[in-house]
Amino acid sequence: MKKEFVKRYKGNPILTKKDVPYPVETVHNAGVVKYNLEYIMLFRSHLNNGRSIIGIARSLDGFKFKVDSKPFMVPSKNGYFAEYEEYGIEDPRITPLEGAYYITYSAYSRHGVRIGLARTADFSSVERVAFITQADYRNTVIFPRKMNGYYVKLDRPHSDISPWSIWISFSRDLIHWGQSKVILKPLAYHWDEMKIGAGAPPILTKEGWLSIYHGVFQTMSGAVYRLGVMLHRVDEPSEIIGVSDKWILSPEDEWERTGYVPNVVFTCGAVAENDGTLKLYWGGADTVMCAGTASIEELINLCLEDSRPAIP
Ligand code: BMA
């Protein structure tokens with residue numbers, strides 16, 4: 001029998017547009033964290049003009065979520081942020097850091113896509129901090145702690161020359177970033193051959209930082225988005241200890257295989273529990289939200305025992 005690394009929750013999809021008390025077309029690609037006794041989910045929704053906003057849902061068990069009556073973030077209407085959010089805001093990731101929660105999101109505009117950074121202390125109000133990339137970056141996650149005096153982020157610049165790859169950068173203040181380095185590249189004729197991008201903010205384990213990323217493979221009937229794992233050294237996250245050769249999740253359920261964009265599982269968030277399990281959240285076909293659980297140890301072993309090269 002095929003080994004399942006991620007066990008799908010029986011009640012999937014856990015959130016759909018029917019659960020949202022304002023008009024939206026999709027509910028997908030959500031960041032999730034634990035905040036006090038709740039799980040907080042910041043999810044992306046397409047409006048019926050094709051542009052995206054970010055909603056918020058809350059849960060006590062991590063599976064049954066209730067959506068707030070109003071969106072959490074909508075594109076800025078004026079000033080510097082408005083110019084770069086004109087076409088919508090997408091794919092939020094949440095990092096708990098120094099008593100606050102930092103949200104990285106893709107901001108779309110006539111100038112391209114770049115990454116915005118916002119901060120909240122309580123998930124009721126939110127302030128924009130800065131744009132932390134220029135155009136043509138997506139899939140940005142911030143590590144939940146400083147290392148060697150620096151904040152650390154992963155992101156995915158666009159590239160026509162070398163397939164879209166994951167890079168790491170460092171910052172003293174979360175705003176100005178540098179010392180960038182490529183750390184993981186797609187592998188030819190492999191499930192992630194076309195492009196990859198960081199997914200959930202990395203999770204600290206004894207063996208290293210566990211990162212869940214997405215990989216894309218182009219087929220005759222379109223792209224397939226799947227999820228994989230890599231492990232970074234704890235004190236030097238630019239060093240990859242191992243990358244699982246196998247994917248951990250592939251579109252299988254009907255709502256992952258059909259929908260707005262077929263054959264997509266795409267993660268922006270995971271929650272590590274004290275019992276060694278991981279709750280993983282993913283958008284299905286850019287239409288609904290799904291959840292599942294995995295053993296953190298098993299994911300680590302996948303990276304260590306059957307690793308493909310990080311930079312082929
Ligand atoms: C990517 C992003 C994601 C989306 C995925 C599949 O490029 O736009 O938000 O989930 O494509 O459509």
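Any read-out appearing in this document is the output of simple, stated calculations on the displayed coordinates, not a laboratory observation. Bear in mind the structure is a predicted one, so any value in this text is a computation, not a measurement. Don't worry about glycine lacking a Cβ; one is built from the backbone with ideal geometry, like all the others, and counts go over all protein chains shown.
The lone criterion from (1) in contact with a helix residue (DSSP H, G or I) (Cβ under 6 Å, 6 or more places away or on another chain); (2) within 19 Å of Met289 (Cα to Cα) left unmet by Pro75 is number (2).
Within the range 115-128, the set of residues being touching a Gly at 6+ places or on another chain (Cβ under 8 Å) and surrounded by fewer than 16 Cβ atoms within 10 Å (Cβ to Cβ) comprises Ala121 only. Could you tell me whether Arg145 is within 16 Å of the ligand (Cβ to nearest atom), in contact (Cβ under 8 Å) with a residue 24 or more places away in the chain and among the basic types (Lys, Arg)? Spelling it out, it is not the case that Arg145 is within 16 Å of the ligand (Cβ to nearest atom), in contact (Cβ under 8 Å) with a residue 24 or more places away in the chain and among the basic types (Lys, Arg).
Only one residue in Ser180, Ser159 is more than 19 Å from Leu97 (Cα to Cα) and away from the ligand (no atom under 16 Å from the Cβ), so which one is that? Break it down stepwise before answering.
Details: Ser159 fails: away from the ligand (no atom under 16 Å from the Cβ).
Result of the check over Ser180, Ser159: Ser180.
From the list Gly55, Gly50, pick out the single residue that is within 16 Å of the ligand (Cβ to nearest atom), free of Cβ contacts under 8 Å to residues at least 40 places away in the same chain and surrounded by 23 or more Cβ atoms within 10 Å (Cβ to Cβ).
Numbers: Gly50 fails: surrounded by 23 or more Cβ atoms within 10 Å (Cβ to Cβ).
Only one candidate qualifies: Gly55.
Residue count for the range 18-39 under the criterion of being touching a residue at least 40 places away in the same chain (Cβ under 8 Å) and more than 26 Å from Asn274 (Cβ to Cβ): the result is 9.
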